1. Calculate the spin-label point distance for residue A:392 paired with residue B:172, positioning each point 7 Å from the Cα along the beta-carbon direction, and give it in nanometres.
2. Please compute the Kirkwood hydrodynamic radius of chain A from all pairs of different C-alpha atoms, in Å with one decimal.
3. Tell me the angle of helix A:422-433 to the major Cα principal axis of chain A, expressed in degrees between 0 and 90 and rounded to the nearest ten.
4. Can you give me the Cα centroid spacing of the stretch A:45-64 and the stretch A:256-299 in angstrom?
5. By counting other Cβ atoms within 10 Å of each Cβ, how are A:163, B:227, B:236 ranked from fewest to most?
6. Using the count of nearby Cβ atoms within 10 Å as a rough guide to exposure, how do A:198, B:60, B:257 rank from fewest to most?
7. Report the equivalent ellipsoid semi-axes for the stretch B:435-559 in whole Å, largest first, defined as the square roots of five times the eigenvalues of the gyration tensor built from alpha carbon atoms.
8. Rg and Dmax of the stretch A:83-353, Cα atoms, in Å?
Ligand SMILES: Nc1ncnc2c1ncn2[C@@H]1O[C@H](COP(=O)(O)OP(=O)(O)OP(=O)(O)O)[C@@H](O)[C@H]1O
Ligand SMILES: [Mg+2]
């Protein structure tokens, strides 16, 4: 039920950056949805960032370029922004503001929902407990995604995180149950966006995908909206329709830069690196929309993907993301093979809830811990070898170096179009741990070793 | 009644609130969103709103509440889950929409509790002395305390709704539940300074960095270093009577997890559910930011309330940094002049005042109770010099610094032995024979091993003299066999103090034997190659096996003579 306030305001007092200051407003509330009509008849959209007496500060998603103080008409919706939700979004490709790019009609839905969502009552959250399998060995084995969790991909410029994000989005599944992906591309180049679109073609055709594309030359402020649209669509599909949904948000660094731009235009007091002090809370209001709800079938898993400026993990965007997500998958140049995942710096905090007997494989958690421990020892051995020479290493240390080698080639390295079954991943994992003498594998039970250890090595 | 003039997120300005007081509650707009006055100039008030203010507009009405921000105390707290203003979340809707009416409250208020009087009519009972109790069997009994005076009426034993009067004392009606302002500390008689240890069940804490009942601890650490797991471990296993767990701006899934687990676990001391001694305040990061600011104070107020009944209480706040960020956010929106990194100038004094509410006291009624505060700190970029971390360190008795390198090496709990302190450790160990010496030896060996590791990395371990190589070995044995304690291990998740002592002594005995052997010219390389796994895994073994495991290792070493 959209009841547009009939009043049109024309007194634009100031234009600054992405902001329009409208004078003479009455009863316009904070966070209200605004519609801005230019002289040319072009219509733009925005939100009220501040309501001060008769002045409303409106952030315009499409930017203020071309807006003049005269001849601009602003109306307010009388309530926060809402969008249609429902399965109508499935199979669609839209821009970052939800407008069709696929030649289809505007998306309609039987229901609508506020783009900011509401906090989920923590007492009604069901703790996550089942895996999302990606068909990527390094992830499924060592940092298993769990339905209803949020986990980030941290990367750096020049690394193929978008390729990985697209691969995850294309291959992820929930053990045969209907699965849906909502992919929000934020500030992507045309080339990257085209790659993502191609990679997800099949999933889109199957009606399992919603793709929202905000491109590098699209309005910057729209980037603030894009992940919210994605999550609102995803939340409804998960908790109302009851599907397992994966929301991929890439690249969140572009989102944060848009937020910083608005903050600067408003003259707010900045915190670290000129990002606003509320960046943590703002990101949390997005990532926390993941979860499962007691007594309802679906789940929403959120995968923010971001490039760390200058590869610095202490930069506010990765740092605050890491403080919110339940783990991270870190890509590094030090691993030469795609997907470049650094197993020692990556961690899925919920893994224990999603892996193991009845979910993946009985020995999963122990096997992963054993591989991590062995890789960690191999790293120490390598550092030692650099000091004293490899010949001075003990026999066991040398076996660990061989294991690290095998890990990278046999298990981690994978093609971007290669979907590995869980069985194949475990097969390879056992090959890798069998590089060590059996007595070194102290984290695995003897039953697991009897079943999995390859003696012939 | 006043009028809203400006809305900027949680910051709201109102005109025309004549007679309003600082920190008075105000109901904003048609949905009566709660807010608190944080500045007054004439009849203009600046208000922090505790709910999402979307749709609130200049011109909307604002009504004075007449009382300061208060929390509803009562027997319903134990075992419950609440928001930052202590409103029950159990029974609230799936989505927390401030425009939807809170359905839970009425239901809760209507619940009856088994009341039992503890005094007779006609007696005069001093302030703070119990006059009645609610004992549901599983939770520690909830005591109704006297406001002081002659008891002119007292209720018969039997079921009693929370809001009904149970007594009239000194002319004042006493009910089971009551509203309590949260920003001011509840009064007590005297504070005790001599430290009495609180057992946490975590070896690294209980032996090296002990905390006292009524003490204060900060736990700084970058993301993923294990703050939440350590705090949850303490919430589960520490030997307090009541635990108040404040999830302040952290994750919903973690809250769901801790609530589920507390409901499953049995309290080893009472046999009841751990949930029944716990009050959970869940203000997750996506819930309104200003309620996060309030949640810290509601949490301590609840703890003080149970302290006054003579209980030892622990407040766990995860994370105080999110609370400080809420302060900063409001400061910045109200245009206050910022100090370091945008934080308000009174950040240090706000932190000091918060930790000052901890303490072990004689209550007004003459009982002994305590409030221990353990707060996580989340330094941006892991930078320990940032304002919240730096100031917090000044005001706490213990600091448990979590180290990213230890966490990445999966050494959990990743408490840095070099970068932490416990100011009351000396006084607490002095009381137990042998304790100070044990602690001194373990921390001495760790420090010495660290120094030698740095040296060995430069020169190669082979160049060190034999007795120093044994110190390196000792460092490894203590780290792996003692300090590391997996929260996920069914047997090792919690370690009784007696067991902690046994394991430490067994390890020290092995280290001593190794030292003796190298003094007697046994080759150090031979010792280093021995199988120490029986003693390294003693922590996973039944208690009565520990001595035997020590002897296995000692016997094997002896064979070298
Ligand atoms: N004592 C422990 N035993 C076993 N695992 C642990 C322990 N402490 C931490 N971990 C591991 O480390 C992960 C991260 O720990 P935790 O969630 O407590 O970090 P945190 O410091 O609270 O991070 P954040 O600041 O992001 O909330 C856990 O999910 C778990 O895998
Ligand atoms: Mg945490």
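None of the figures in this text is laboratory data; all of them are computed from the coordinates on show. None of the values given here were measured: they were computed from a predicted structure. Reconstructed Cβ throughout: ideal geometry from the backbone, glycine too, with neighbour counts over all protein chains shown.
1. 7.6
2. Roughly 23.7 Å, rounded to one decimal.
3. Tilt relative to chain A: about 50 degrees.
4. Here the two parts' Cα centres lie 19 Å apart.
5. If I rank by nearby Cβ atoms, fewest first, I get A:163, B:236, B:227.
6. Starting with the residue having the fewest Cβ neighbours, the order is A:198, B:257, B:60.
7. Equivalent-ellipsoid dimensions as semi-axes: 25, 17, 13 Å.
8. 17.2, 51
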